[in-house]
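Peer 1: Dropping the structure in here first, questions after.
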Amino acid sequence: MRKTLCFLIALLGSYTFHCQNKDKRNIYLNEEFRNIDKSEFKKKKKSYLYHERIKKTDSGKVHYLILSEEFGTLQDSTFENLKNKINKNYNLNLNKTLVIHYRDTLYSYKALKKYRNPHFIFRMVNGDTVNISTTPGLFLKNRIDFDDYQKKCKKESIRLNINHLHIYSTRFEDSHIYENMQWKKMNTYLKDTFFKYSSGVLIIKPNGQYYRFNETTEDWVKSVIEYKEWSILINDFETARRLSQKKRIKRFKYKQPTRARRKPIQITPDMTKKQIKKTFEQHSLNQPTTNSCYSSDY
């Protein structure tokens, strides 16, 4: 993720420097980081396919779109190249549906503290703030829970006749040993073709049809994998992208995710910063970890 952010910041800085638009305060980019006008941006933003991200610069703000999912069919030459690369680098044949989980960066706890800290800021009654970040105990719990969940994923993969491949680009001192899965180094061709801008998940069928997404629900993905007519889903995507449709066409039933109710964190005005941090940690350790067999997160 760090390399992607560096690339994005450099790109946005270039747009900011060279933009001749009189409105220097706001710049609008599509999902390919190309300049578009405000009205087109707003139209696309209303579609279920896109999410807006905002980057502040010295001269204002850059608004850019993230394409959250994509259906398509690989051309014969691209598909053949991809099959050869996957077979050579990962010893996998595309005779089954392949689920590729791409995580840009694997962090050790020390690296996570350095590059991704804090992830939440708590404001006290007196106006002071407390930086709440991942603790060593919570960091380890998330890794262990993720690893244990892969047992379920292996059983699920047998039922659905699929293979899983977990890959990454950069590893910052991450020495955690997983018992039920293995992270492998990203192939450059694969990244340039599908994951140029962000982490995500790619599902490729043996006939070259594919589905790429950032994050979504597990039941939705399982329903997509089991759906027989992917050509219909591909056509739906192309139409939705062209017309900036607000809602997805429902082609099958799947379970909507339900949010488990969490007990509120008990913070009192007389607590010290150390006590507040400890309370947040204990609360997080007592909560179940959310995992999925179809995610790039861990």
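Peer 1: With a 1.4 Å probe and every protein chain kept in, tell me what percent of the accessible surface of the stretch 37-97 is carbon plus sulfur.
Peer 2: Of the solvent-accessible surface of the stretch 37-97, carbon and sulfur hold 40 percent.
Peer 1: So what is the relative contact order of the chain, in percent, for Cα pairs below 8 Å that sit 6 or more residues apart?
Peer 2: On the way: 386 pairs, mean separation 71.0, N = 298.
Reported relative contact order: 24 percent.
Peer 1: Using 20 Å as the Cα-Cα cut-off, could you pick out the over-long pairs in LYS83/LYS151; LYS96/LYS154; LYS96/LYS228; LYS85/LYS151; LYS38/LYS246; LYS55/LYS110? Provide the component values of the computation, followed by the final result.
Peer 2: Working: LYS83/LYS151 27 Å; LYS96/LYS154 14 Å; LYS96/LYS228 14 Å; LYS85/LYS151 27 Å; LYS38/LYS246 18 Å; LYS55/LYS110 26 Å.
Table pairs above 20 Å Cα-Cα are LYS83/LYS151; LYS85/LYS151; LYS55/LYS110.
Peer 1: Relative to the Cα centre, what is the charge dipole magnitude of the chain, using +1 at the beta carbon of each Lys and Arg, -1 at the beta carbon of each Asp and Glu, and rounding to the nearest 20 debye?
Peer 2: That gives a dipole near 640 debye.
Peer 1: Then there is this: How long is the gain from LYS184 to GLU238 if the chain were fully straight, where each residue apart is worth 0.36 nm and the alpha carbon distance is subtracted? Before the final figure, lay out each step's value.
Peer 2: Values: separation 54, 0.36 × 54 = 19.44 nm, distance 3.22 nm.
Answer, rounded to one decimal: 16.2 nm.
Peer 1: Could you run the Karplus curve 6.51 cos²θ - 1.76 cosθ + 1.60 with θ = phi - 60° over the stretch 169-183 and give me ³J(HN,Hα) per residue in whole Hz, x for Gly and Pro?
Peer 2: Per-residue couplings from phi come out as 9, 10, 10, 9, 6, 7, 10, 4, 9, 9, 8, 10, 7, 9, 8 Hz.
Peer 1: Could you give each residue of the stretch 119-136 its phi-based ³J(HN,Hα) in whole Hz, using Karplus coefficients 6.51, -1.76, 1.60 with θ = phi - 60°, and x for Gly or Pro?
Peer 2: Karplus values, whole Hz, x for Gly and Pro: 9, 7, 10, 9, 9, 7, 4, 7, x, 6, 10, 10, 7, 9, 10, 5, 8, x.
Peer 1: Which value, in Å², gives the accessible area per residue of the stretch 175-298 when a 1.4 Å probe is used on the protein heavy atoms?
Peer 2: Values: 7940 Å² over 124 residues.
On a per-residue basis, 64 Å².
Peer 1: Expressed as a whole percentage, what fraction of the accessible surface of the stretch 105-198 belongs to carbon and sulfur atoms when a 1.4 Å probe is rolled over the protein heavy atoms? Don't skip to the end; give the middle numbers.
Peer 2: Values: 2780 of 5380 Å².
The value for the stretch 105-198 is 52 percent carbon and sulfur by accessible area.
Peer 1: Of the chain, which part is the longest with no GluC sites (Glu not before Pro) in a loop (DSSP not H, G, I, E, B) and with at most 14 other C-beta atoms within 10 angstrom? Numbers along the way, then the final one.
Peer 2: Values: sites that count: GLU32, GLU173, GLU179, GLU215, GLU229.
Here the longest run is 33-172.
The values are calculated or read from the model by the stated rules, or taken from the named source; none is laboratory data. Keep in mind it's a predicted model, so treat the numbers as computed, not measured. Glycine also receives a Cβ, built like all others from the backbone with ideal geometry; neighbour counts cover every protein chain displayed. These accessible areas exclude ligands, DNA and RNA; they are computed on the full protein's heavy atoms, side chains included. Shrake-Rupley method; radii C 1.70, N 1.55, O 1.52, S 1.80 Å.
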